[in-house]
1. Does anyone have the angle between helix 87-107 and the longest principal axis of the chain? Alpha-carbon axes, 0 to 90°, nearest 10?
2. Considering only C-alpha atoms, what is the centroid distance from the stretch 91-118 to the stretch 139-159, in Å?
3. Which value in deg cm²/dmol, rounded to the nearest 500, describes the helix-derived mean residue ellipticity at 222 nm for the chain, given -39,500 (n - 2.57) per DSSP H run of n ≥ 4 and division by the residue count?
4. Per residue and in cubic angstrom, what volume does the convex hull of the Cα atoms of the chain have?
5. Could I get the Rg over Rh figure for the stretch 54-188? Both from C-alpha atoms, Rh via Kirkwood, rounded to two places.
6. Hey, can you rank 137-146, 91-100, 182-191, 7-16 by average C-beta count inside 10 Å, highest first?
7. Rounded to the nearest 10 degrees, what's the angle between the helix 122-152 long axis and the longest principal axis of the chain, both from Cα atoms, 0 to 90?
8. Mind checking which of 134, 28, 121 has the largest fluctuation in a GNM of the chain, springs on alpha carbons under 10 Å?
Amino acid sequence: MADVIPLHRLAFSLVPVIIVLILMFRWSLGVRQAIMGLSRMILQLLLVGYLLGYVFTAQTPWIVIAILTVMLLAASWIALCSIRQDRARNYPYAVAAVFVGGGITLFFMTQGVLGLDPWFSPRVFIPLAGMTFSGCMNAVSLAAERYYVETERGETHNDARASAMKAAFIPITNMLFAVGIVSIPGMMTGQVLAGVSPLIAARYQVMVMCMMFSSAGLAAALFLWLIGRATSRRDSPSREA
């Protein structure tokens, strides 16, 4: 079991943060937004810590489903930050993409690989869902931004879709190449710090990387397919006219 970090030692993690904030202030880089983001991060993590402590002991599937629903809706909305002008119109497509892409992958990993019993085990299901939905969110965000940029340049749907899929895969592809060489991912790091054998932790990390890759690809592909269909339906009356 990993040692608990005392609060006075945790405060030392803010020292390099303060240095960066000073640099941002000196260079007029919007230090206020950074401070707000850091404050929000600390508050959100404290709140989620208390919430998960209750959820882990409750062992109720409906609470888990409610949390997953909030995560899904929030991830889908945040994913469309890059296309604010069409955000509301594309929101249902983002929800469907994150739900299907993340849901299918999450089912395979929790039931096929881990064999959770009960199936909704909060201590495992919620953290994995968070990883999955965040990966889908990033993939959809990159795909949406690139798709609209390419279509505004006059590219066809197929060409814009290809460019968007390439953009969506950049982060996860870089992660696949870097894992184990440049970085030790978060889940594996946490398990090693908790005293788990590195070989066992590596197995879990392989599962997580497969989960992240497949969920991101499925979500981006489904989102692009849905907006492609929607675009063709909107354009068809004008062609007929």
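Every read-out reported here was derived from the displayed coordinates using simple, explicitly stated rules and does not represent laboratory data. Keep in mind that this is a model prediction, so the values were computed, not measured. Quick reminder, even Gly has a Cβ in these numbers, built from the backbone with ideal geometry, and neighbours come from all protein chains shown.
1. The two axes meet at around 50 degrees.
2. Between the Cα centres of the stretch 91-118 and the stretch 139-159 lies a distance of 26 Å.
3. Values: 9 runs with 189 residues, N = 241.
Result for the chain, helices only: -27000 deg cm²/dmol.
4. Hull volume normalised by residue count: 171 Å³.
5. Looking at the stretch 54-188, the ratio lands at 1.03.
6. Ranking the peptides 137-146, 91-100, 182-191, 7-16 by packing returns 137-146, 91-100, 182-191, 7-16.
7. 30
8. 28
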